[in-house]
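Derivation of every value follows stated rules applied to the coordinates shown; laboratory data play no part. For clarity, every value in this text was computed on a predicted model and none was experimentally measured. Note: ideal-geometry Cβ built from the backbone for every residue, glycine included; neighbour counts use all protein chains shown.
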Amino acid sequence: MCLPSDFENYHFSNMRKRMLTEELEAWHKQYLPIKSGGTVLDIGAGEGETMIFYLLHGAQRLICVETDRNKVKRLRTNAKLAQKAFGAHIDVLDAMLDNIKIDIDGAEEGMVLEKHFAGRWKEIGHSKGFPAAAKVYKLVKSNHLDNLLMKKEQLFIKLLHPKSKINNQRN
């Protein structure tokens, strides 16, 4: 497990430093395990605090998406430091996402989508394409704000077609 001291060589605002000390224990429960040498898509990467967390726990490639331009500046600085420290490949995207499509020919099996914002996942249908059995979800807003640490939700992707029947190759 990592400690707040593992983040000291990076540039975070006071609010992010405070968040690290308050939430780090919960991150160990909710964001792990990370596949050793794996890739993480971090949407809402902030200033890079979760990027560092994932690297400390074995990720080797991160794709970080952040919309707040002030946070993106620190995120890019921290990504450069992290690339040197971990030898990892990190892409930083300054972008607002309106839709998320995951269609990687069966490699979604076992993928975990974690979110911690107000709302809940609602199944709205099934994919008509390949794989035909993939479920489609929409985030439905709640009437109240979720407690960030108490109401974490995870959407586990389970395909009805077993991997063995899918010719799956990752780059």
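Among E8, E22, E66, E49, rank each residue by its count of other Cβ atoms within 10 Å, from fewest to most, as a rough exposure measure.
E8, E22, E49, E66
Residues with beta-carbon under 11 Å from that of I52, excluding I52: net charge, scoring Lys, Arg +1 and Asp, Glu -1?
Charge balance in the 11 Å sphere: -4.
Label points 7 Å out from Cα along the Cβ direction at R69 and A26: separation in nm?
My value for the distance between the label points is 3.0 nm.
Take H89 and N14, extend 7 Å from each Cα along the Cα→Cβ direction, and tell me the distance between the two endpoints in nm.
Between H89 and N14, the label points sit 4.0 nm apart.
Could I get the Rg over Rh figure for the range 1-98? Both from C-alpha atoms, Rh via Kirkwood, rounded to two places.
Details: Rg = 12.3 Å, Rh = 13.3 Å.
Reported Rg/Rh (Cα atoms, Kirkwood Rh): 0.92.
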